[in-house]
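Here it is, the structure in full.
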Amino acid sequence: MSTSSSSAAERDLKREFLKKFFIVFVVSLICFSIFFLNRNENNKYIIETLELNGSVKEGDALFKINCVGCHGITARGLVGPDLHSITQRLNDKEIIKQVTGGITPPMPSFEIDPVNMSNLLKYLHSLE
Ligand code: HEC
């Protein structure tokens, strides 16, 4: 009698454990899918940007509108750092992440299409 009731309790425990395990499994699966989908989106954006050949002039104009407040009118630095020779310190992918990622507040993340991103990159490459 006591053995059968304890094994029923064990079965309940096991079922409870499986239920929790299943929930954790499903939640992790969802998290991973979101993570990978997001990464693919980011990669697509980066590849598209790097395939374009931007214009220094357009990039300069974009910089004047969006970046001079912090990096200075000649990109020599203000609140944000001097960006001359930035392309020797960071590769294009890292610069794209810096501009679009919002990873280092107070610098905001910029929502910028690949064409304009490639213009900005071209401008940054033109700074020596
Ligand atoms: C609100 C101020 C602000 C604005 C606007 C801003 N930045 Fe920045 N930026 C910063 C700060 C501050 C840093 C330094 C972040 C850190 O490393 O902690 C930085 C860092 C950078 C870096 C990396 C520099 C390095 O030495 O690693 C790049 C590249 C850059 N910004 C480009 C841009 C571009 C391009 C724009 C315009 C589209 C822009 N930033 C707009 C504040 C700003």
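Give the residue from Ser109, Ser126, Ile30 lying farthest towards the positive end of the charge dipole for the chain; charges sit on Cβ (+1 for Lys and Arg, -1 for Asp and Glu) and the dipole is referred to the Cα centre.
Positive-most Cα among the choices belongs to Ile30.
Ranking request for peptides 17-30, 112-125, 78-91: highest mean number of other beta-carbon atoms within 10 Å first, then the rest in descending order. All intermediate terms of the calculation are to be shown ahead of the outcome.
Values: 17-30: 10.0, 112-125: 20.1, 78-91: 13.6.
Descending packing order for the listed peptides: 112-125, 78-91, 17-30.
Another question about this same structure. What does the charge dipole of the range 54-128 about its Cα centre add up to, to the nearest 20 debye, if the Cβ of each Lys and Arg holds +1 and the Cβ of each Asp and Glu holds -1? Walk me through the numbers on the way to the answer.
Details: 7 positive and 8 negative charges, 20 e Å.
In debye, rounded to 20, the range 54-128 gives about 100.
If you don't mind, there's one more thing I want to ask. Principal axis lengths of the range 1-51 from Cα atoms, whole Å, largest first?
74, 8, 5
Further question: What dipole magnitude, in Debye to the nearest 20, does the chain give about its Cα centre under +1 on Lys/Arg Cβ and -1 on Asp/Glu Cβ?
Working: 14 positive and 14 negative charges, 98 e Å.
My answer is approximately 480 debye.
Within straight cross-link reach of Lys122, meaning Cα distance under 28 Å, which lysines are found once same-chain residues fewer than 8 apart are removed?
List returned: Lys44, Lys57, Lys64, Lys93, Lys97.
Follow-up. So, with a 1.4 angstrom probe, what is the percent of accessible area on the chain that is carbon and sulfur?
Numbers: 5890 of 9400 Å².
For the chain, the apolar C and S fraction of the accessible surface comes to 63 percent.
Which of Ile46, Leu78, Leu18 sits closest to the plus end of the dipole of the chain, meaning its Cα is farthest towards the positive end, when Lys and Arg get +1 and Asp and Glu get -1 on the C-beta?
Leu18
Taking a probe of 1.4 Å, how large is the accessible area per residue of the chain, in Å²? Don't jump to the answer; show the numbers that get you there.
On the way: 9400 Å² over 128 residues.
Spelled out: the 1.4 Å probe surface of the chain, per residue, equals 73 Å².
Could you bin all the Cα-Cα distances of the chain into 5 Å bins starting at 0 and give me the percent of pairs in each, rounded to whole numbers?
In order of increasing distance, the bins hold 2, 9, 14, 18, 12, 7, 6, 4, 4, 4, 4, 4, 4, 3, 2, 2, 1, 0 percent.
Then there's this: Computed from the mean reciprocal separation of all distinct C-alpha pairs, what Kirkwood hydrodynamic radius does the range 36-102 have, in Å?
Values: mean 1/r = 0.0756 Å⁻¹.
Result for the range 36-102, one decimal place: 13.2 Å.
The values are calculated or read from the model by the stated rules, or taken from the named source; none is laboratory data. Small disclaimer: the values here were computed from a predicted structure and weren't measured. Backbone-built Cβ (ideal geometry, glycine too); neighbour counts: all protein chains shown. Each accessible area value is taken on the protein alone, full model and side chains, heavy atoms only, with ligands, DNA and RNA left out. Shrake-Rupley method; radii C 1.70, N 1.55, O 1.52, S 1.80 Å.
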